[in-house]
1. Kindly indicate the residue of the stretch 37-53 that is touching a Phe, Trp or Tyr at 6+ places or on another chain (Cβ under 9 Å) and open to solvent by less than 100 Å² (accessible area, probe 1.4 Å) and also modelled with the highest pLDDT among those meeting that condition.
2. State which residue pairs qualify: first residue under 14 Å from VAL34 (Cβ atoms) and inside the stretch 49-64, second residue surrounded by fewer than 10 Cβ atoms within 10 Å (Cβ to Cβ) in any location, beta carbons under 6 Å apart, and separation of 6 or more residues or different chains.
3. Can you pull out the residues in the stretch 14-52 that are part of a loop (DSSP other than H, G, I, E, B) and polar (S, T, N, Q)?
4. Any idea which of (1) open to solvent by less than 80 Å² (accessible area, probe 1.4 Å); (2) hydrophobic (A, V, I, L, M, F, W, C); (3) touching a strand residue (DSSP E or B) at 6+ places or on another chain (Cβ under 7 Å) is the one ALA56 doesn't satisfy?
5. Among the residues of the stretch 18-36, write down those that are surrounded by 13 or more Cβ atoms within 10 Å (Cβ to Cβ) and either out of contact with any Gly (no Cβ under 9 Å at 6 or more places or on another chain) or among the aromatic types (Phe, Trp, Tyr) (or both).
Amino acid sequence: MLLEFLGWTAYNGASLTFNANRIEVTSVTDSGNVNAHQAITCEIGKTYTVSADLIAVDGVMGLGVGTSIS
């Protein structure tokens, strides 16, 4: 496992694979909305940038940033 992926957690029936310096999220259930998440600590007044290269193999994909995973 690459250091960059430490701290990621599978959520809602997801399976995580770390391959070629990327995280692959696949469904192991029929839940339909699987994802991976990682909690980070932020400081008030600082600016943070989130970026990703998203590749959909089957279905819909997206990137979300927020205060909870629900």
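1. CYS42
2. Here the result reads MET61/LEU54, each pair linking the stretch 49-64 to a residue that is surrounded by fewer than 10 Cβ atoms within 10 Å (Cβ to Cβ).
3. Of everything in the stretch 14-52, those that are part of a loop (DSSP other than H, G, I, E, B) and polar (S, T, N, Q) turn out to be ASN21, THR29, SER31, ASN33, GLN38, THR41, THR47, THR49, SER51.
4. In the conditions (1) open to solvent by less than 80 Å² (accessible area, probe 1.4 Å); (2) hydrophobic (A, V, I, L, M, F, W, C); (3) touching a strand residue (DSSP E or B) at 6+ places or on another chain (Cβ under 7 Å), ALA56 misses (3) alone.
5. PHE18, ARG22, ILE23, GLU24, VAL25, THR26, ALA36
The values are calculated or read from the model by the stated rules, or taken from the named source; none is laboratory data. On a predicted model such as this, the values are computed, not experimentally measured, just so you know. Note: ideal-geometry Cβ built from the backbone for every residue, glycine included; neighbour counts use all protein chains shown. We work out accessible area using only protein heavy atoms, side chains counted, and drop any ligands, DNA or RNA first. Shrake-Rupley method; radii C 1.70, N 1.55, O 1.52, S 1.80 Å.
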